[in-house]
Amino acid sequence: MCRRKLSTGVLLPSSKFFVQGFSPKETLSRIAQPPLDVLLGIRGKDFVLIATSKAFLHGITVVKDTDDKTRALNDHTLLAFSGEAGDTIQFAEFIQANTQLYTMRHSYDLPVSSVASFVRSELASSLRSRHPYTVNMLIGGYDAKKEQPELYWLDYLASSAEIPYAAHGYAQYYCLSILDAHYKKGMGVDEVVGLMKDCHAELKRRMPIDFKGLQVKLVNKDGISELEGF
Amino acid sequence: MSRRYDSRTTIFSPEGRLYQVEYALEAISHAGTAIGILATDGIVLAAERKVTSKLLEQDSSAEKLYILNDNMICAVAGMTADANILINYARQTAQNYLRTYDEEIPCEQLVKRLCDLKQGYTQHGGLRPFGVSFIYAGYDSLRNFQLYLSNPSGNYGGWKATSAGANNASAQSLLKQDYKEDCNLEEACETAVKVLSRTMDSTTLSSEKLEFATVGHRNGKIYLNIWSAEEIDALLKKHGLGKEEKSSDE
């Protein structure tokens, strides 16, 4: 009989239960790797700061310590991603290619809200296919028309929300409380960088794994730039 | 010897023409006139409704003016049956875009999508092209108010004032004469009735023979309005083009 390997590594005999719908085990173990990757985003007064961990993990093994978990979608929109290895880059670059194709076709950049909506709709249709992508994302960008920064939090079940600060993975449990306590509306770059450093320190202190530091990118009206000193 | 080349749209004649496309354009030039005028604060579309019979149930709804989405309307010149297919396609396209991008489709993109479809029928299939020209009026945040004209070949262009259908050459030259840069919507409506009154065959105008629609903004929001018979009659009366009111002692 046909056997189906679940992402946990458990072999189960296939039954009609698996033909359609979720098995309890499958839902829980969609993301095979524990979400050890760090994704953090903070929206400031006229910019968004996005931090991603530099470790490329394979299980608990660190394969690389200079990993870039972000892709620039256009001049003023940055996508950060984590999740199932392979899916992440495949999906992120698919989104990147499509936003760039849009710019080429219509000679105008999609605003951040439209990019987020597009990503959500792609992920939602992927979720209902036979092989859904398991990717969690943060989208940070600056909307030149509305003259405001926007930060979107999206998960692999295609939820999407525009929020002032966001995190994915285990980093949520350590950082959201700090952000809840110290985030203020209309913070400047220095303040937000300070807050991000506090989050970084807490992660280093509390997280049991070495995520090899954070790569931090700033998105504002002038575009995307990397910040040093993390 | 055009016979060999005009039965299929896909074949050029020796002179380099596509007869089926030209015939489609010809069909449109017999349809009721439609005009569109761009103003600083909106756009007006006006169309001539050909009254076929007194016995025909007068539908109060517009026959030649359609709403495509929340910020775009269009006027039809040509075969209504063909237009219905394209309008349905346009509405679907617009909603799909809204669903995907959480934003109304930019006007030119919608026009482009319709024209891509129209163009397809001039190249492959052995099917006839759509016998309709559209005048589109819309608003988007990229380019504000916009007026476009498309024809069966799949060509389109942006205009300040344009016309389609019967007598469109004379309507076009009247528009050229009467169009004022930086006119407001009210002045554009006036120009529209005046141009139509001179290009239409009938001597008296009434809401039975005319259709009007406007796009504009009110309280920072875009509105689309397909005019009611009362609104049209009021406009005609204002410019002294309406029917003479019958005296009550007759």
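The values are calculated or read from the model by the stated rules, or taken from the named source; none is laboratory data. Being a predicted model, the structure only gives us computed values, none of them experimental. Here Cβ is always computed from backbone atoms with ideal geometry, including for glycine, and neighbour counts include all displayed protein chains. We work out accessible area using only protein heavy atoms, side chains counted, and drop any ligands, DNA or RNA first. Shrake-Rupley method; radii C 1.70, N 1.55, O 1.52, S 1.80 Å.
Which condition number does residue A:86 fail, the rest of (1) within 13 Å of another protein chain (Cβ to nearest Cβ); (2) on the phi > 0 side of the Ramachandran plot being met?
Going through (1) within 13 Å of another protein chain (Cβ to nearest Cβ); (2) on the phi > 0 side of the Ramachandran plot one by one, residue A:86 breaks only (1).
Would you check which residues across region B:137-152 are in a loop (DSSP other than H, G, I, E, B) and either within 13 Å of the chain's Cα centre (by Cα) or crowded, with 19+ Cβ neighbours inside 10 Å (or both) and list them?
B:151, B:152
Failed condition for residue A:204, given (1) among the basic types (Lys, Arg); (2) part of a strand (DSSP E or B); (3) surrounded by fewer than 15 Cβ atoms within 10 Å (Cβ to Cβ), with all others met?
Of (1) among the basic types (Lys, Arg); (2) part of a strand (DSSP E or B); (3) surrounded by fewer than 15 Cβ atoms within 10 Å (Cβ to Cβ), only one is false for residue A:204: (2).
Can we say residue A:64 is of a type in the set (Lys, Arg) and touching a residue at least 12 places away in the same chain (Cβ under 8 Å)?
No; evaluated as a whole, the condition is false for this residue.
Considering only region B:153-163, state which residues are of a type outside the set (A, V, I, L, M), in contact (Cβ under 8 Å) with a residue 40 or more places away in the chain and outside any loop (DSSP other than H, G, I, E, B).
B:156, B:158, B:162, B:163
Do we find that residue A:99 is in contact (Cβ under 8 Å) with a residue 24 or more places away in the chain, open to solvent by 10 Å² or more (accessible area, probe 1.4 Å), within 19 Å of residue A:224 (Cβ to Cβ) and within 14 Å of chain B (Cβ to nearest Cβ) in this structure?
No: the conditions fail for residue A:99.
Answer with yes or no whether residue B:128 is among the basic types (Lys, Arg), within 14 Å of chain A (Cβ to nearest Cβ) and farther than 15 Å from residue B:73 by Cα.
Spelling it out, it is not the case that residue B:128 is among the basic types (Lys, Arg), within 14 Å of chain A (Cβ to nearest Cβ) and farther than 15 Å from residue B:73 by Cα.
Restricting attention to region B:117-127, and to residues there that are over 24 Å from residue B:163 (Cβ atoms) and open to solvent by 20 Å² or more (accessible area, probe 1.4 Å), which single residue is modelled with the highest pLDDT?
B:123
Residue A:133 is checked against (1) under 18 Å from the mean Cα position of the chain (by Cα); (2) within 14 Å of chain B (Cβ to nearest Cβ); (3) outside any strand (DSSP E or B) and fails just one. What number does that condition carry?
If we test residue A:133 against (1) under 18 Å from the mean Cα position of the chain (by Cα); (2) within 14 Å of chain B (Cβ to nearest Cβ); (3) outside any strand (DSSP E or B), just (2) comes out false.
Quick grid of which residues meet (1) at pLDDT below 95; (2) open to solvent by 80 Å² or more (accessible area, probe 1.4 Å); (3) within 14 Å of chain A (Cβ to nearest Cβ):
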{"site": "B:45", "(1), (2), (3)": "no, no, no"}
{"site": "B:53", "(1), (2), (3)": "yes, no, no"}
{"site": "B:72", "(1), (2), (3)": "no, no, no"}
{"site": "B:106", "(1), (2), (3)": "no, no, yes"}
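Could you run through region A:106-120 and say how many residues are outside any helix (DSSP H, G or I) and either among the aliphatic types (A, V, I, L, M) or open to solvent by less than 10 Å² (accessible area, probe 1.4 Å) (or both)?
1
Out of region B:74-104, which residues are more than 15 Å from residue B:150 (Cα to Cα), of a type in the set (Asp, Glu) and open to solvent by less than 60 Å² (accessible area, probe 1.4 Å)?
Of everything in region B:74-104, those that are more than 15 Å from residue B:150 (Cα to Cα), of a type in the set (Asp, Glu) and open to solvent by less than 60 Å² (accessible area, probe 1.4 Å) turn out to be B:103, B:104.
Would you check which residues across region B:164-191 are open to solvent by 20 Å² or more (accessible area, probe 1.4 Å) and assigned to a loop (DSSP other than H, G, I, E, B) and list them?
B:167, B:179, B:180, B:181, B:182, B:184
Yes or no, residue by residue, for (1) surrounded by 15 or more Cβ atoms within 10 Å (Cβ to Cβ); (2) touching a residue at least 24 places away in the same chain (Cβ under 8 Å):
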position: A:104; (1), (2): no, no
position: A:123; (1), (2): yes, yes
position: A:132; (1), (2): yes, yes
position: A:146; (1), (2): no, yes
position: A:158; (1), (2): yes, yes
position: A:174; (1), (2): yes, yes
position: A:179; (1), (2): yes, yes
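Has region B:86-102 got at least one residue that is of a type in the set (D, E, K, R) and within 14 Å of chain A (Cβ to nearest Cβ)?
yes
Being within 14 Å of chain B (Cβ to nearest Cβ) and either among the hydroxyl-bearing types (Ser, Thr, Tyr) or closer than 22 Å to residue A:76 by Cβ (or both) narrows it down to one residue among A:92, A:166, A:116; which is it?
A:116
From the set of residues in region B:92-119 that are part of a helix (DSSP H, G or I) and touching a strand residue (DSSP E or B) at 6+ places or on another chain (Cβ under 6 Å), which is nearest to residue A:123 (Cα to Cα)?
B:94
Among (1) within 14 Å of chain A (Cβ to nearest Cβ); (2) open to solvent by less than 10 Å² (accessible area, probe 1.4 Å), which single condition is residue B:134 missing?
All conditions are met except number (1).
So if I check each of B:23, B:66, which one is aromatic (Phe, Trp, Tyr) and assigned to a helix (DSSP H, G or I)?
B:23
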